[in-house]
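None of the figures in this text is laboratory data; all of them are computed from the coordinates on show. Model, not experiment: these values are computed from the prediction. Here the Cβ positions follow ideal geometry from the backbone for every residue, glycine too, while neighbour counts run over all protein chains shown.
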Amino acid sequence: MGLPGHRRTSSDKRRRSAHFALKKSSVTSCQQCGEPVLAHRACRSCGFYKGRTVLKIASKTTPVSKPVVKKATTVKKSEAKTTPAKKIQKPESAESPSSVS
């Protein structure tokens, strides 16, 4: 089984990890609609790439509407009915811990 030849020093680690930095993605604008597009990818809004339409977009002018969800109304604490908390009584056992010896 192979073993490391020598300890990797902190400067070796830093030198090796100097290339791990993230690079900025190149964003360009679409030739047809002007929306921002990543390089070498089709436009998400119009489906245009390299001078031709490559994706069929369902609706170019109207965005897809989300279903309307009614939010629950909140009740103020003063308006809410409050009920007193019930006390839970423990059943008394035949043997108590102090009597056992």
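Take the eigenvalues of the Cα gyration tensor for the stretch 1-48, scale each by 5, and report the square roots as semi-axes in whole Å, largest first.
Taking √(5λ) for each Cα gyration eigenvalue gives 46, 13, 5 Å.
At a Förster distance of 41 Å, what's the computed FRET efficiency of Lys70 paired with Lys90, Cβ-Cβ distance as r, to 0.05?
0.40
From the phi angles alone, apply the Karplus equation (6.51, -1.76, 1.60; θ = phi - 60°) to the stretch 48-56 and give each ³J(HN,Hα) in whole Hz, x where the residue is Gly or Pro.
8, 7, 6, x, 8, 8, 10, 10, 8
Quick check: residue separation of Ser29 and Lys56 times 0.36 nm, minus the Cα distance between them. What number comes out in nm? Present the calculation step by step, with values, prior to reporting the outcome.
Values: separation 27, 0.36 × 27 = 9.72 nm, distance 1.91 nm.
Full extension from Ser29 to Lys56 adds 7.8 nm.
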